[in-house]
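Any read-out appearing in this document is the output of simple, stated calculations on the displayed coordinates, not a laboratory observation. Note that this is a predicted model, so its numbers are computed, not measured. Here the Cβ positions follow ideal geometry from the backbone for every residue, glycine too, while neighbour counts run over all protein chains shown.
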Amino acid sequence: MEKYLKSELITEKNIVEALAVQNAIFPRENARVNFLESFAERKMADGHSEFVKEYFLVRNDMGKAVGIWGHYLVDNNRDELWLGWYGVIPTERREGYGTKIFRLFEKYAKDNNFKIIRLYTDEIDNAIACKLYEKIGMVKEYYNNKDDITEDIGKIVIYSKSLTGGKVKPWKNKSINYREQRQKEI
């Protein structure tokens, strides 16, 4: 039987469940600040005229929460959408949800006229995810911006994919604001 997924915007009503999902996927990290910031940005932008950072709880066809995903901009670049807080609950892995959640993000980016999608991860802790990104056509680039990384965490990789059929423009070690992001997660 085909499994369908539905993205549900994380709001004040489902944040407790979303944080439980996030914690199951990333037990050493905390997304609460990111999720709360997205509420504030949505209120400021009125949800219409301005693109905002958003995070989604993903449910399967039975209504069970199975994962999360979110998006954001780096340096307010409106051509490139970044995937963040993306993952599947460990007990729900190996069901094809990872690819399907990624496709929800990719469709969202296309529907909102982005030209490139990107994400960063680390190659050591997320080796299985890296294989998925390569399988779905993302281009791999190592990130070693010494002004942005303050800790030894292994090899950070940026994956990129063109949504227009063109060649992906490399990131070339521009800052991804990694240091700032890590401070929010503590």
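Some points to look at:
- Residues whose placed amide H lies under 5 Å from that of LEU163, excluding near-sequence neighbours: ILE116, ILE117
- Lysines whose Cα lies under 19 Å from that of LYS146, excluding same-chain neighbours fewer than 8 positions away: LYS155, LYS172, LYS174
- Taking amide H positions as modeled 1.01 Å from N, with prolines and chain starts lacking one, no residue 5 or more places away or on another chain lies under 5 Å from ASN77.
- Anisotropy class of segment 72-166 from Cα gyration tensor, a/c 1.5 cut: oblate
- A straight chain from GLU37 to ASN145 at 0.36 nm per residue would run longer than the Cα-Cα distance by 36.3 nm.
- 3J(HN,Hα) along segment 136-141, derived from phi through the Karplus expression 6.51 cos²θ - 1.76 cosθ + 1.60 where θ = phi - 60°, amounts to 8, x, 7, 9, 9, 8 Hz, with x in place of Gly and Pro.
- Applying the criteria of a DSSP loop state and at most 15 other Cβ atoms within 10 Å to the trypsin sites (Lys or Arg not before Pro) of segment 90-162 yields ARG93, ARG94, LYS146, LYS155.
- Sites LYS174 and THR91 - FRET efficiency at Förster radius 30 Å, r taken between beta-carbons, to 0.05: 0.20
- Amide H contacts of GLU54 (H built 1.01 Å from N, under 5 Å, at least 5 apart or other chain): HIS71
- Put a dot 7 Å past the Cα of LEU9, heading toward its Cβ, do the same for ARG78, and the two dots end up 1.9 nm apart.
- In summary, the lysines within cross-link reach of LYS110, defined as a Cα separation below 18 angstrom excluding same-chain residues under 8 places away, comprise LYS6, LYS53, LYS100, LYS161, LYS167, LYS169.
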